[in-house]
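Read through the structure below, which is laid out as structure tokens, and then see the notes.
Any read-out appearing in this document is the output of simple, stated calculations on the displayed coordinates, not a laboratory observation. Being a predicted model, the structure only gives us computed values, none of them experimental. Here the Cβ positions follow ideal geometry from the backbone for every residue, glycine too, while neighbour counts run over all protein chains shown.
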Amino acid sequence: MTKHEYSCSNTHNNEADAFKHAYMSWFLSYWKDDLTAKQLGDMHEDETPNAPAYERNMDLWNNAIGREFMPVYKRNKHNRSVDLKFNLNF
């Protein structure tokens, strides 16, 4: 979905990467809950302990955005104009 949405092959540290992190966190929040989404997102970031701090912070931020969007989606799921891409300001 990310490569198709952004028409690029590189999905590292760009808008596609931000969307990928936010979407996965949103998806986990939807199917499980916010706590599980946070734990799994944090565990994913822990898999690369030598990554620069700015990358980790950026990914954790995007994960949080995905979780924060879940209540908006649940309130407006009947409204197809509410989408994650729009709310991430891309």
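Brief remarks on what is shown
- Separation of the E55 and Y73 label points, Cα + 7 Å toward Cβ, nm: 2.6
- Global form of the stretch 4-54, assessed from the alpha-carbon gyration tensor, a/c cut-off 1.5: oblate
- For the stretch 9-22, 3J(HN,Hα) per residue [Karplus equation, 6.51 cos²θ - 1.76 cosθ + 1.60, θ = phi - 60°, Hz, x = Gly/Pro]: 9, 8, 10, 10, 6, 9, 4, 5, 5, 4, 4, 4, 5, 5
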